[in-house]
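Report on one structure; see the data block that follows.
The values are calculated or read from the model by the stated rules, or taken from the named source; none is laboratory data. Just so we're clear, the structure is a prediction, and the values are computed from it rather than from any experiment. Neighbour counts run over all protein chains shown; Cβ positions are idealised from the backbone, glycine included. Surface accessibility is based on the protein's heavy atoms, side chains included, excluding ligands, DNA and RNA. Shrake-Rupley method; radii C 1.70, N 1.55, O 1.52, S 1.80 Å.
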Amino acid sequence: MLQNLFIPARSLASVSIVGQAAGQLCIVQLLTSRTLQTTGHSHSTLARHLATTQSGSRSFLTSLPAPGHNTSAMSVEAAKALAGAAAVNNHVSAATKVVGVGSGSTIVYAVQRLAERVKEEGLEVRCVPTSFQARQLILQHGLVLGDLEIEGKIDVTIDGCDEADRDLTLIKGGGGCQTQEKIVAEYSDTFIVIADYRKDSVKLGQAWKYIPIEVVPMAYRPVMGRLGDQLGGRAELRMAKAKAGPVVTDNGNLIVDWYWDQGREMNWKEVNTIIQCMAGVVETGLFVGMADKAYFGMEDGSVMDRCRGGQ
């Protein structure tokens with residue numbers, strides 16, 4: 001199902017720049033209730049929800065290119081912003097008390113939208129982070145920080161992905177945060193995924209070529225060997241780019257990236273279980289049967305949503 005969130009030219013008069021860096025995208029805030037045009041599709045709940053509020057207007061985040069920046073980069077960032085706003089507007093309400101905050105580049109837009117709604121509507125939510133990055137986002141936006149030890153469970157978690165197939169089997173962990181992300185998602189009543197159009201696939205492997213696996217440092221080499229022996233493909237220890245040596249997770253562990261044999265059909269539930277049972281593996285980046293719904297921001301300014309099972 002597609003929902004058109006294209007921003008008409010007449011709405012740009014309401015734009016106020018809230019952040020800008022040389023050579024990067026300008027993130028802008030549209031303060032208008034006339035920034036939405038719905039498609040002819042019968043399901044337009046998101047458009048109606050975004051277009052009306054108690055005050056008759058709704059803040060909305062999107063992106064415009066900085067001078068000299070190419071428009072293809074703009075479309076990706078705008079798509080991320082659309083997906084993040086859709087998830088927050090459709091799945092956070094006055095009844096929502098605890099929100100799980102994912103990690104990565106797309107979640108930034110969801111947190112911005114959540115902070116707007118908290119300020120505008122007086123929502124009382126506590127936010128459980130999935131990483132150091134998520135914790136900083138929560139604090140920077142003035143949201144209330146929570147944790148699983150206090151909350152016990154979460155109403156809804158919103159998080160990104162590296163790839164999602166037609167059944168909403170996910171690959172996560174490109175940022176090395178999959179263990180905490182999976183814990184928070186598992187103990188949530190609802191798990192919502194947000195992504196741009198590049199992450200939407202019919203089957204895993206079309207957009208992302210490896211499964212990130214968090215491993216206890218002493219076990220990384222035998223785990224890499226066993227992955228090859230039992231599942232084929234090849235495994236690589238992820239190396240850091242701004243430090244000497246490997247990437248170290250928030251939990252003090254290492255990341256092994258497993259590049260599976262693309263020519264081999266995979267039962268991802270079985271593969272996930274096999275890897276999890278290897279001694280030394282902390283968690284995989286495979287999220288099988290966990291996501292309830294995904295929102296994909298599209299190039300044309302629409303948002304496509306899909307429920308688990310391809311519906």
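Counting only residues that are open to solvent by 30 Å² or more (accessible area, probe 1.4 Å), closer than 21 Å to Gly176 by Cα and in contact with a helix residue (DSSP H, G or I) (Cβ under 9 Å, 6 or more places away or on another chain), segment 122-152 holds 2 of them. Annotation: Asp162 fulfils all but one of (1) more than 22 Å from Gln112 (Cα to Cα); (2) among the acidic types (Asp, Glu); (3) in contact with a Phe, Trp or Tyr (Cβ under 8 Å, 6 or more places away or on another chain); the unmet one is (1). Within segment 254-286, the residues that satisfy the criterion of being outside any strand (DSSP E or B), more than 22 Å from the chain's Cα centre (by Cα) and in contact (Cβ under 8 Å) with a residue 24 or more places away in the chain are Trp260, Asp261, Gln262, Arg264, Met266, Val271, Ile274, Ile275, Met278, Ala279, Gly280. Taken over segment 187-203, residues that are assigned to a strand (DSSP E or B), β-branched (Val, Ile, Thr) and either farther than 16 Å from Gly289 by Cβ or open to solvent by 20 Å² or more (accessible area, probe 1.4 Å) (or both) amount to 2. Restricted to segment 153-207, and to residues there that are of a type in the set (S, T, N, Q) and under 13 Å from the mean Cα position of the chain (by Cα), the residue that is nearest to Met266 (Cα to Cα) is Gln178.
Of the residues making up segment 210-220, not a single one is surrounded by fewer than 17 Cβ atoms within 10 Å (Cβ to Cβ) and acidic (Asp, Glu).
Which ones in segment 163-177 are in a strand (DSSP E or B) and either of a type in the set (Asp, Glu) or without any contact (Cβ under 8 Å) to a residue 24 or more places away in the chain (or both)?
Glu163, the sole residue that qualifies.
A quick yes/no check of all residues on (1) surrounded by fewer than 21 Cβ atoms within 10 Å (Cβ to Cβ); (2) farther than 20 Å from Arg166 by Cβ; (3) in contact with a Leu (Cβ under 9 Å, 6 or more places away or on another chain):
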{"position": "Lys241", "(1), (2), (3)": "yes, yes, no"}
{"position": "Ile255", "(1), (2), (3)": "no, yes, yes"}
{"position": "Arg264", "(1), (2), (3)": "yes, no, yes"}
{"position": "Ile275", "(1), (2), (3)": "no, yes, yes"}
{"position": "Met278", "(1), (2), (3)": "yes, yes, yes"}
{"position": "Ala294", "(1), (2), (3)": "no, no, yes"}
{"position": "Val303", "(1), (2), (3)": "no, no, yes"}
{"position": "Arg306", "(1), (2), (3)": "yes, no, yes"}
{"position": "Gly309", "(1), (2), (3)": "yes, no, yes"}
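State yes or no: is Thr62 at pLDDT 95 or above, buried (at least 19 other Cβ atoms within 10 Å of the Cβ), part of a strand (DSSP E or B) and under 18 Å from the mean Cα position of the chain (by Cα)? No, not satisfied.
Kindly indicate whether Asp229 is open to solvent by 10 Å² or more (accessible area, probe 1.4 Å) and either assigned to a strand (DSSP E or B) or touching a Ser or Thr at 6+ places or on another chain (Cβ under 6 Å) (or both).
Numbers: open to solvent by 10 Å² or more (accessible area, probe 1.4 Å): yes; either assigned to a strand (DSSP E or B) or touching a Ser or Thr at 6+ places or on another chain (Cβ under 6 Å) (or both): no.
No, not satisfied.
The sole residue among Val101, Val118, Val88, Val108 that is more than 24 Å from Asp196 (Cα to Cα) and at pLDDT 95 or above is Val118.
For (1) outside any loop (DSSP other than H, G, I, E, B); (2) open to solvent by 50 Å² or more (accessible area, probe 1.4 Å), each residue gets a yes or a no:
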position	(1), (2)
Gly100	yes, no
Ser103	no, no
Glu120	yes, yes
Asp155	yes, no
Thr179	yes, no
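Only one of (1) modelled with pLDDT of 95 or more; (2) of a type outside the set (D, E, K, R); (3) loosely packed, with under 13 Cβ neighbours inside 10 Å fails for Val271. Which number is that? Of everything listed in (1) modelled with pLDDT of 95 or more; (2) of a type outside the set (D, E, K, R); (3) loosely packed, with under 13 Cβ neighbours inside 10 Å, Val271 misses just condition (3).
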